[in-house]
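Written below as C-alpha cells is the structure these notes are about.
Where a number appears in this text, it was derived from the coordinates with a stated rule and is not lab data. Keep in mind that this is a model prediction, so the values were computed, not measured. Here the Cβ positions follow ideal geometry from the backbone for every residue, glycine too, while neighbour counts run over all protein chains shown.
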Amino acid sequence: MKNLLAGLAIIAATFGNAQAQPDKPTIVLVHGAFADSSSWNGVVEILEKDGLSVVAAANPLRGVRSDGDYVAGVLSSIESLVVLVGPSYGGSVIGRVSSADKIAVAREAGADHVIVDTEGRFAEEVVRLSGEGVHVVYDGSGPKTFQASLDSLRRSGTFCWYGPVLGGPGPLNIVTLPKSIKIGYARFFDHIHTPALLRARTGQLFDWTASGDLKIRIGGVYPLAEAACAHADMESRGTTGKLLLVP
C-alpha cells in the first residue's frame, strides 16, 4: 500500500529472463505495508514477456529508516539501470492512539506504524522509526500532545494543528520553535467562507464517501436523550470513529 522509497526492501525472489537484453533496465517492484511480494506476480509475468529482468522485493517492515537503508543496498548491488516501482503514495504514516484496542483501527485507516501513548511521550519513538523526525505532523488532540508533536519533526518540518477540542497549547514564544519548523492552524470556516465554497466542499465530501475513497467509521449511535452518555464515552477515550446522536 505505501511508501515510494523509504521503507522498502529485501529481495524475496528474482524473476529473470535469459533473453533479456543488457541495455534494458532491471525493474524492481516493492510492495507496501499490507501486501507481500506475491502481489506483483501478475505484473512480473507481463514484464518478463517483454524481455525484462524483474526483481520482486519484500518489505520487512522493521522501520522506515532501516527498510529504506536496506533497499538502498539492494539497488546498489544491481549493475544495470534500475526502474524502482513502489506504491502510489509518497510516505509512511505513523499513528498515535491512546489504547491498544485502537491499534487495529489505526492500521485499517492506513497507519504503517502505531504508537500507544496517553501522556504525550511519543516523540522518541517517532524519531527512532523515521531516523531524524517526520516531515509533517497532523495534531488535533489538544495541549498534551503539542510539545511531543514539535519534537517529532525534522528540520524545516511542518506542524499542522487543527481542531483542538481539548484546548490550545497556551502562550507560544516563536523564537523557541526548534529546527526552523513551520506551524499552521486551520480553521474550518475559513475554507467554506462563501456559499459557493460550502457547496463545492460538501459535494466533494459526499462524492468521496459515495465512491468509497473516504470511509467514515461510526463508533456509536445514541438517542438524543443520552447525549451526556455520549460525551462521557468520548472523554473516556474509549470510543473510535464518529458518535451519532439520533432524535
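Listing for the model above:
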read-out: Dipole-positive endmost among F146, V97, I78 within the chain (Cβ charges, Cα centre); value: F146
read-out: Cα-centre dipole for the chain with unit charges at Cβ (Lys and Arg positive, Asp and Glu negative), debye to 20; value: 620
read-out: Average Cα contact separation per residue, the chain, under 8 Å, 6 or more apart, as relative contact order %; value: 14
read-out: Highest-MSF residue in the chain out of T202, T145, T118 [GNM, Cα springs under 10 Å]; value: T202
read-out: Under 12 Å, Cβ to Cβ, from K179 - net charge with Lys/Arg +1 and Asp/Glu -1; value: +1
read-out: Qualifying aspartates and glutamates (Cα of each under 13 Å from Cα of K242; at least 8 residues distant if same chain); value: D233
read-out: Helical contribution to [θ] at 222 nm, DSSP H n ≥ 4, -39,500 (n - 2.57), averaged over the chain, rounded to 500; value: -8000 deg cm²/dmol
read-out: Alpha-carbon Debye profile of the chain, log10 I(q)/I(0) at 0.17 Å⁻¹; value: -1.31
read-out: Long pairs among K24/K215; K49/K215; K144/K215, criterion Cα-Cα beyond 30 Å; value: K24/K215; K49/K215
read-out: Whole-Å distance, taken between Cα centres, linking segment 173-247 and segment 95-162; value: 18
read-out: Antiparallel DSSP beta bridges within the chain, as percent of all bridges there, nearest 5; value: 15
read-out: Counted charge near Y162, where neighbours are those whose Cβ lies closer than 10 Å (Asp, Glu -1; Lys, Arg +1); value: 0
